[in-house]
Amino acid sequence: RGGSAELKGQTIVLNHDSQVSVQSGNRLSGAPSSSGPSGSIKITASGPNSLHLLNGSAITAVTHSSKPFTRESDLGHIRIDTPTLELKGKSRISAESTNAAQGGSITIRSGRVTLGDESVISVAGKGTGQAGNIKLYVDKNLRLSNRSTFDASTKASTSNNGGANITIRVGGDLFLSD
């Protein structure tokens with residue numbers, strides 16, 4: 001089993017390719033040397049100027065397994081609770097799986113969310129496992145600019161449950177540009 005990560009603070013800033021990452025197995029030469037359940041990531045930033053991922057920074061959870069898991073706790077989920085979330089400069093939040101494992105989901109609850117400069121929030125099933133889901137709940141404003149995206153993809157799922165889903169609920173304004 002991969003380890004879990006929990007971060008709590010008033011303001012959390014990841015800058016210049018900084019990463020928070022959990023994964024099952026070890027990757028050598030691009031292939032997992034072992035497999036199993038992934039850990040999860042939980043981030044709570046409670047200050048008014050809360051969570052920032054800048055200049056290629058990332059939050060990732062990866063599950064490598066040759067078998068599908070049936071327990072929700074075995075998947076690499078990411079949960080973020082913060083008044084303000086900002087991703088800029090090709091930063092990303094991602095949950096993915098390889099081989100037969102199902103990918104973890106990303107759940108974000110925030111007052112304001114801004115994605116800019118080709119930043120991405122994504123889930124992916126890169127083998128036969130289904131990708132997880134993205135659930136974004138924004139109380140006030142959501143801004144996407146400069147080719148930033150939400151992406152959910154499943155390469156070759158053998159699941160009967162279909163592909164991954166993206167749910168976005170915005171209580172205020174939605175701004176899309178470029």
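The values are calculated or read from the model by the stated rules, or taken from the named source; none is laboratory data. A quick note: this is a predicted structure, and the numbers were derived from the prediction, not measured. Here the Cβ is made from the backbone with ideal geometry for all residues, glycine too, and neighbour counts use every protein chain on show. Just the protein is used for accessible areas: all its heavy atoms, side chains included, with ligands, DNA and RNA removed. Shrake-Rupley method; radii C 1.70, N 1.55, O 1.52, S 1.80 Å.
The lone criterion from (1) closer than 22 Å to A5 by Cβ; (2) at pLDDT 95 or above; (3) over 12 Å from the mean Cα position of the chain (by Cα); (4) not in a loop (DSSP other than H, G, I, E, B) left unmet by K90 is number (4). For region 111-131, the set of residues classified as buried (at least 23 other Cβ atoms within 10 Å of the Cβ) and under 22 Å from D178 (Cβ atoms) consists of V113, L115, S119, I121, listed by residue number.
Please go through region 93-127 and give me each residue that is among the charged types (D, E, K, R), part of a strand (DSSP E or B) and over 12 Å from the mean Cα position of the chain (by Cα), ordered by number. Before the answer, list the steps.
Going residue by residue through region 93-127, those that are among the charged types (D, E, K, R) are 96, 109, 112, 117-118, 126.
Now narrow it down to the ones that are part of a strand (DSSP E or B): 96, 109, 112.
R109, R112, listed by residue number.
Of all the criteria given as (1) at pLDDT below 95; (2) exposed (fewer than 15 other Cβ atoms within 10 Å of the Cβ), the one not satisfied by R147 is (1). On the basis of being touching a Gly at 6+ places or on another chain (Cβ under 8 Å), closer than 21 Å to S50 by Cβ, of a type in the set (S, T, Y) and open to solvent by less than 10 Å² (accessible area, probe 1.4 Å), does S97 make the cut? Judged against the criteria, S97 is not a match. Kindly establish whether K135 is touching a Gly at 6+ places or on another chain (Cβ under 7 Å) and in a strand (DSSP E or B). No: the conditions fail for K135.
D139 fulfils the conditions (1) surrounded by fewer than 20 Cβ atoms within 10 Å (Cβ to Cβ); (2) under 21 Å from E6 (Cβ atoms) except for a single criterion, (2). Evaluate the following for T107: is it open to solvent by 10 Å² or more (accessible area, probe 1.4 Å) and under 23 Å from G47 (Cβ atoms)? Yes; evaluated as a whole, the condition is true for this residue. The set of residues in region 33-45 that are at pLDDT below 95 and open to solvent by 50 Å² or more (accessible area, probe 1.4 Å) comprises S33, S34, S35.
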